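Here the structure is laid out as structure tokens; the discussion comes afterwards.
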Amino acid sequence: MLTIDTLNQFYGESHTLWDLTLEIPVGQCTCVMGRNGVGKTTLMKCIMGEESVRDGKLLYRADGDASGSGSSRNEPLDLTRRKLEERARLGVGYVPQGRQIFPMMTVEENLRTGLAVRRDGLRQIPERIYELFPVLKEMRHRRGGDLSGGQQQQLAIGRALVIEPRLLILDEPGEGIQPNIVAQIGEVIRRLIKEDGLTVLLVEQKLPFARKYADRFVIMDRGRQMAEGEIAALSDELIKQHLTV
């Protein structure tokens with residue numbers, strides 16, 4: 001689905017991502033892990049286009065002709081210099097850390113903001129969103145800022161799903177919310193993969209969540225990839241070396 005090829009990123013003169021090379025396989029949940037400040041969120045922002053990269057490539061294989069230019073899934077699109085809006089139209093959904101919903105807008109209005117980048121011109125919120133998150137339908141006329149933290153996270157994910165993405169990026173979706181909502185989000189991730197064929201790229205520091213809901217892991221440290229593999233291969237030794245504080 002996504003190939004990250006020798007990616008380097010800088011903030012000024014500070015080198016933050018170092019020759020990152022990763023393969024995000026289609027139809028799986030890949031969890032990026034690491035201690036605070038190692039570059040996980042920076043990587044997500046680079047993939048989405050919120051941060052520029054110095055060099056390297058982001059090669060994206062959408063289903064069919066996502067670009068309208070005759071590209072097939074065997075001819076990946078280079079996202080590296082494309083604008084954020086273009087990436088969204090190509091089927092990349094993004095839920096940033098901190099959710100970033102519009103607090104003064106209603107739940108329904110928040111969801112409708114995702115419709116602007118749909119390729120098919122649909123102007124109705126897909127019923128699938130309310131199926132996955134029934135609370136959003138119940139509260140569709142309430143302001144986003146009046147929701148609990150867990151409900152706001154569901155709203156942020158629902159807004160990203162409005163575009164019907166093929167790749168969904170989630171940056172710490174369980175941060176600061178109650179455990180039962182975290183579990184609901186995990187179950188939604190698995191449903192999206194199984195029922196909709198979605199590919200998920202996840203940043204998460206909670207080991208139980210990663211082990212239960214992810215298929216693969218990637219460990220980062222100081223902007224570099226240190227280890228990757230099937231989630232069952234996430235050993236105590238790797239955890240002690242790269243994840244414990």
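The values are calculated or read from the model by the stated rules, or taken from the named source; none is laboratory data. Since this is a predicted model, take the numbers as computed values, not measurements. As a convention, Cβ positions derive from the backbone with ideal geometry for all residues, glycine included, and neighbour counts pool all protein chains shown.
Miscellaneous remarks
- Subset of the range 166-178 [crowded, with 17+ Cβ neighbours inside 10 Å and either farther than 14 Å from CYS31 by Cβ or β-branched (Val, Ile, Thr) (or both)]: ARG166, LEU167, ILE169, ILE177
- The single condition among (1) among the basic types (Lys, Arg); (2) farther than 30 Å from GLN124 by Cβ; (3) touching a Leu at 6+ places or on another chain (Cβ under 8 Å) that ARG222 does not satisfy is (3).
- Number of the exception - SER72 against (1) modelled with pLDDT of 95 or more; (2) in contact with a Gly (Cβ under 8 Å, 6 or more places away or on another chain); (3) among the polar types (S, T, N, Q): (1)
- Scope the range 37-55; condition farther than 13 Å from ASP171 by Cβ and either among the polar types (S, T, N, Q) or in contact (Cβ under 8 Å) with a residue 40 or more places away in the chain (or both); matching residues: VAL38, SER52, VAL53, ARG54, ASP55
- Top-ranked residue in the range 179-226 [being surrounded by fewer than 17 Cβ atoms within 10 Å (Cβ to Cβ) and at positive phi; ranked as farthest from the chain's Cα centre (by Cα)]: ARG222
- Against the list (1) over 21 Å from CYS29 (Cα atoms); (2) buried (at least 18 other Cβ atoms within 10 Å of the Cβ); (3) of a type outside the set (Asp, Glu), the condition PRO134 fails is (2).
- Of residues in the range 161-178 being of a type in the set (A, V, I, L, M, F, W, C) and farther than 23 Å from GLY39 by Cβ, the one nearest to the chain's Cα centre (by Cα): LEU161
- For THR113, the conditions (1) polar (S, T, N, Q); (2) assigned to a helix (DSSP H, G or I); (3) under 30 Å from GLY37 (Cβ atoms) are fulfilled apart from (3).
- Checking ARG123, ARG128, ARG190 one by one, the residue that is without any contact (Cβ under 8 Å) to a residue 12 or more places away in the chain and either of a type outside the set (Phe, Trp, Tyr) or part of a helix (DSSP H, G or I) (or both) is ARG123 and no other.
- Answer residue from the range 227-245, given it is loosely packed, with under 11 Cβ neighbours inside 10 Å and of a type outside the set (A, V, I, L, M) and is modelled with the lowest pLDDT among those: THR244
- Taking the criterion of being assigned to a helix (DSSP H, G or I) and charged (D, E, K, R), the residues of the range 206-245 that qualify are ARG211, LYS212, ASP236, GLU237, LYS240.
- The set of residues from the range 1-54 being outside any strand (DSSP E or B), polar (S, T, N, Q) and surrounded by 17 or more Cβ atoms within 10 Å (Cβ to Cβ) comprises GLN28, THR41, THR42.
- Scanning the range 12-21 for residues that are more than 11 Å from ARG224 (Cβ to Cβ) and either acidic (Asp, Glu) or touching a residue at least 24 places away in the same chain (Cβ under 8 Å) (or both) yields a count of 1.
- Residues in the range 75-101 that are of a type in the set (S, T, N, Q) and at pLDDT below 90: GLN97, GLN100.
- Test: residue in the range 154-166 that is in contact (Cβ under 8 Å) with a residue 60 or more places away in the chain, among the β-branched types (Val, Ile, Thr) and more than 18 Å from ARG87 (Cβ to Cβ): no
- Some residue of the range 94-107 being outside any loop (DSSP other than H, G, I, E, B) and over 15 Å from the mean Cα position of the chain (by Cα): yes
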